[in-house]
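Data first, discussion second: the structure below is written as structure tokens.
The values are calculated or read from the model by the stated rules, or taken from the named source; none is laboratory data. A quick note: this is a predicted structure, and the numbers were derived from the prediction, not measured. Methodologically, a virtual Cβ is constructed for each residue, glycine included, from the backbone with ideal geometry; neighbour enumeration extends over all protein chains shown.
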Amino acid sequence: MDSRNASYPDLSCLSLDGTWRIQHYRPGEMKAVEVAAPGLDDRYWITGRVPGDIHTSLMNRQLIPHPYYGHQDQLSRWIEQEEWWYRTTFDYELSDDIAERHELTFEGLDTFATVYVNGHEVGRTVNMHRTYRFDISRVVRSGWNSVTVRFDPLWPHHQEKELFDWSSYTKERPWLRKAAMNFGWDWGPRIITVGIWGSVTIRRSRIARLDQVYAYTRSAHHEEAILEVEVSVSAVSRLRYTSYNHHKQDAASTSMEDRLRAEVILLDREGREVACQQTKTAAAHSRTDTWKVQLHIPDPHLWWTHDLGEPYLYHLQVLLYAGEELVDRYEHEVGLRTVELQLEGEQGEPLFAFVLNGVRIYAKGANWIPVDNLIGSAEETRYIELIELAAEAHMNMLRVWAGGIYEKDIFYQQCDRQGILVWQDFAFANALFPDFNQDFMENVRAEVVDNVKRLRNHASLALWCGNNEIDWLYDMKKAAGDIRSSFYGEAIYHELIPDVLADSDPHRPYWPSSPYGGNDVNDPDAGDRHNWQVWHGSVYPRQYGDKPILDYSIEGVSFHHYKQDLALFSSEFGMHAAASRYTLSRYIPEESFYWGSEEMDYRNKDTNHRKGILLMEGYTGIPQNMDQYLDYSMLTQAEGLKYGIEHYRRLKHRNSGSLIWQLNDSWPGTSWAIVDYELLPKAAYFYARTYYHPLLLSLDHDPGQDLKLWVVNDTLQAFTTQLEMRVMTWDGKLMFSRTFAVDVPANGAIQVDQLSEEEILSAASTQMASQKEISIGGPAVSDKHTVQAHEVFVILSADHPDIPDNHYYLRSPKQLNLPASDWQIQVDEQQQTVTLTGGAVLARMVKLEIAQGRLRFSANYFDLLPGQQKVVHIRHAGGEPIDWSSLQVSALNHSI
């Protein structure tokens, strides 16, 4: 039963979420029988929230400093060495029905826990990624009860385990089923969390219960959709019941009142019933039974990603009756849609494309990491706001990366409602895993079953993926001589997981790894691909068994390598950028807030800090101070991602998706994220509103090369438009323009025209000379100026109301001689707007900053043309007042 998303008959589910007592001891210092005793005096224990974690509880009581500030995470390392205890009490009322069953459910225990109820040990846990249920019918009582949970430190559970050749960032984690990023990653610190990170409930059942409900779309057409629903039920234990009633009836006989049936109902958004089906009946004392029904929905509202249609959700109800008594119920939002993974085109050409309701889509999005290193304490608002930001940037897919968690329900609910597809990795990242160990494999199987059954009814869930980069990196590391052992873990992704999915979710695509396919598993001609030529300097092409080569040079990490990548699907690629000034200043001591400080260096967890410097050196020049670092890193990331993504989208006939590494941050650091930890979007995010727009005007150009004009259309409607290309000087003079009538096909990409750079600059020079003639009222002057590529910029625009303009520069920023810009500014605090009016010259990358998190700007990091008026709306995502006194506006070529 998907307990996280279900609602039950009245009084059937008691939540134990809220305030618990917390204490710690040295391992073995206290006897469990003493600490778990119901009557233990815990008045001197601290309090903490459940769901939550130890770090947050200690911070809230000012017992540890905030681990994100400065180097203070080091002051919390002692936490992972201790034994931690949680306690709570609750009042409970047992009924006269002694056949009732009472089940204690933990949706997240991190990680090795022993659970006690009224002093009785009811079970142990070994996996952060599982839901645990304990039958407490024999130990719970009417009145006052206690629950105690002991958490072991990790080290006793791995200290005598085998260490494998390869486990990125730390050697201990392969044996531990815990979020890999807890041990540190190349974008976050090591913070070993512990505690009750999911909800806690007690569920009361009688006669029978719903164990599972599996709903999947058998077919989806405009005329009719068929939703197939599998309902699994089981009898509540009748041991005490049959003993008590042996004089009345034999346990094998069943009265009509004990006959079971389920009613499966589908409601539309307004609560109207659109389909209903009854299951067959079964005997209430049957241990298990599974029913299957089909709901036929005429004229259905199909579920679409938000860019292609409406993510319409129906409401599914399953009501379980024993006779006429309602004994259990299940409720869940469902979308009517089909999703397929297409690996071959009509002509037999290789593809890696998602097909939604029969339509091949272009996947635009990002990789998702946990929203906080302190996962249990992360607020739901962080999830809601991040997914809103993704949708507003025209993203239609998020990949839940393997080194985090199987996300909380709020994540999938929001993706369902906001029309964003989910690529879901299983939690295996960048390591070898002991697939030869029976206990480990049984633990993994239970983890996979738990999460598949929990998540499979979400309309947004598009793909299961076995692991992150393990198949690919195993080959590379073995070729480099770093690994000598067998491919430990291979049986998980290629045998165990497919076996579970065949039984529990056979109607959804599965992909063994990411990347996967082709000669070296990261082949552009098969499957999906991770492009780490850019940033990490990986040298390609490469074949299976070739020793990997890295090129740490300006050329080696250049984002111009994106154009060499003909991937079928780009599931990881990205570049670093600084977090916002506000975010960094909150967590770095004031005296260390300068470019090059140790504290700034500590924000960057990447393996080689030269890469970001090399990228900037080749594009913007090396920053000399904090202001330049903030601007140069953000501009390099934004323009680099724009360059790569526009290239991929122009390959729409071949490339079917691009997922940026990464959307979000888990702490305030320098990383590949395009939204920082305080939920402030970086420049690359605002660029995404154009480069991920369903209608894209694109210029394919490199210095000295031809200018190729493209239009990309991801919508399902063809249209005709007038495309205009303008070439202008910094002071806004029009040097060249050309207009094109374009018929744009539905769901396609076309090259409109191709012009030489020399032709355009020559025409611009002629135009400048002509303007000089007019200004002096005479014949052509002898000092005719030849317009250079570093003196102009290009604007692409269209007469279609939904197509945004796109700006281009023919040379890199460090080659441009931008004159100082200025503007007029007007702030309307009541309307929450800032109006900027451009001055005499173009202002490059205008940035609005307010010393506040969670702000939403209608525009930011934009170019302001001479005389142009730009109105920027600003709001706080939580509705808080805006600190207008801290407003600062700056640009690359001017600041005030």
Practice task
Report yes if some residue within region 784-796 is of a type in the set (Gly, Ala, Ser) and at pLDDT 95 or above; otherwise report no.
Solution key: no
Problem - Residue check for residue 230: in contact with a Ser or Thr (Cβ under 7 Å, 6 or more places away or on another chain), closer than 23 Å to residue 327 by Cα and at pLDDT 95 or above - result: yes
Handout entry: Counted residues, region 832-890 - those being assigned to a loop (DSSP other than H, G, I, E, B), touching a His at 6+ places or on another chain (Cβ under 7 Å) and small (Gly, Ala, Ser)
Key = 1
Handout entry: Extreme residue, surrounded by the fewest Cβ atoms within 10 Å (Cβ to Cβ), among residues of region 308-322 that are closer than 30 Å to residue 692 by Cβ and touching a helix residue (DSSP H, G or I) at 6+ places or on another chain (Cβ under 8 Å)
Key = 313
Practice task
Among the candidates 333, 325, 385, 346, single out the residue that is surrounded by fewer than 17 Cβ atoms within 10 Å (Cβ to Cβ) and over 30 Å from residue 748 (Cβ atoms).
Solution key: 325
Exercise for the section: Enumerate the pairs (first residue in region 399-411 and of a type outside the set (Asp, Glu); second residue anywhere and in a helix (DSSP H, G or I)) with beta-carbon separation below 6 Å, excluding pairs fewer than 6 apart on the same chain, so at least 6 apart or on different chains. Expected result: 403/180; 403/181; 404/181; 406/451; 410/380; 410/383; 411/383
Practice task
Taking the residues in region 173-226 that are of a type in the set (S, T, N, Q) and closer than 20 Å to residue 78 by Cβ as candidates, determine which candidate is nearest to the chain's Cα centre (by Cα).
Solution key: 182
Practice task
Inspect all residues belonging to region 513-526 and state whether any of them is in contact (Cβ under 8 Å) with a residue 40 or more places away in the chain, under 30 Å from residue 621 (Cα atoms) and in a loop (DSSP other than H, G, I, E, B).
Solution key: no
Exercise for the section: Considering (1) part of a loop (DSSP other than H, G, I, E, B); (2) surrounded by fewer than 16 Cβ atoms within 10 Å (Cβ to Cβ); (3) modelled with pLDDT of 55 or more, say which one residue 285 fails and leave the rest. Expected result: (2)
Practice task
Examine region 791-803 for a residue that is within 23 Å of residue 706 (Cα to Cα), assigned by TED's automatic domain parsing to the domain that holds residue 759, among the polar types (S, T, N, Q) and not in a strand (DSSP E or B), and state whether such a residue exists.
Solution key: no
Exercise for the section: Go through region 853-891 and give me each residue that's more than 27 Å from the chain's Cα centre (by Cα) and among the aromatic types (Phe, Trp, Tyr). Expected result: 884
Practice task
Could you tell me whether region 366-381 includes any residue that is over 20 Å from residue 515 (Cβ atoms) and either among the basic types (Lys, Arg) or in the same structural domain as residue 306 (by TED's automatic domain parsing) (or both)?
Solution key: no
Fill in the blank from the handout: Reported set for region 572-623 where residues are over 30 Å from residue 516 (Cβ atoms), β-branched (Val, Ile, Thr) and in contact (Cβ under 8 Å) with a residue 24 or more places away in the chain is 583, 588, 620
Fill in the blank from the handout: The one condition residue 221 fails out of (1) surrounded by 17 or more Cβ atoms within 10 Å (Cβ to Cβ); (2) touching a Gly at 6+ places or on another chain (Cβ under 9 Å); (3) closer than 30 Å to residue 301 by Cβ is (1)
Practice task
State whether one or more residues within region 97-110 are out of contact with any Lys or Arg (no Cβ under 7 Å at 6 or more places or on another chain), in a loop (DSSP other than H, G, I, E, B) and surrounded by fewer than 16 Cβ atoms within 10 Å (Cβ to Cβ).
Solution key: no
Practice task
Please work out which one of (1) under 23 Å from the mean Cα position of the chain (by Cα); (2) crowded, with 21+ Cβ neighbours inside 10 Å is the condition residue 360 fails and give its number.
Solution key: (2)
Practice task
Within region 536-575, work out how many residues are in a loop (DSSP other than H, G, I, E, B) and surrounded by fewer than 23 Cβ atoms within 10 Å (Cβ to Cβ).
Solution key: 22
Handout entry: Selection count, region 78-93, where residues are over 17 Å from residue 194 (Cβ atoms) and of a type outside the set (S, T, N, Q)
Key = 4
Exercise for the section: Give region 1-31 a look and list any residue that's surrounded by 13 or more Cβ atoms within 10 Å (Cβ to Cβ), among the basic types (Lys, Arg) and modelled with pLDDT of 50 or more, or say none. Expected result: 21
Fill in the blank from the handout: Over region 636-657, the set of residues in contact with a helix residue (DSSP H, G or I) (Cβ under 6 Å, 6 or more places away or on another chain) and of a type outside the set (S, T, N, Q) is 638, 640, 641, 642, 643, 644, 645, 646, 647
Practice task
Scan region 821-838 and give yes if some residue there is more than 30 Å from residue 381 (Cα to Cα), in contact with a Pro (Cβ under 6 Å, 6 or more places away or on another chain) and either surrounded by 14 or more Cβ atoms within 10 Å (Cβ to Cβ) or touching a residue at least 24 places away in the same chain (Cβ under 8 Å) (or both), otherwise no.
Solution key: yes
Practice task
Looking for whichever is surrounded by 16 or more Cβ atoms within 10 Å (Cβ to Cβ), modelled with pLDDT under 85 and assigned to a loop (DSSP other than H, G, I, E, B) here; the options are 254, 305, 242. Which one fits?
Solution key: 254
Practice task
Scan region 391-401 for residues that are crowded, with 24+ Cβ neighbours inside 10 Å and part of a loop (DSSP other than H, G, I, E, B) and report the count.
Solution key: 4
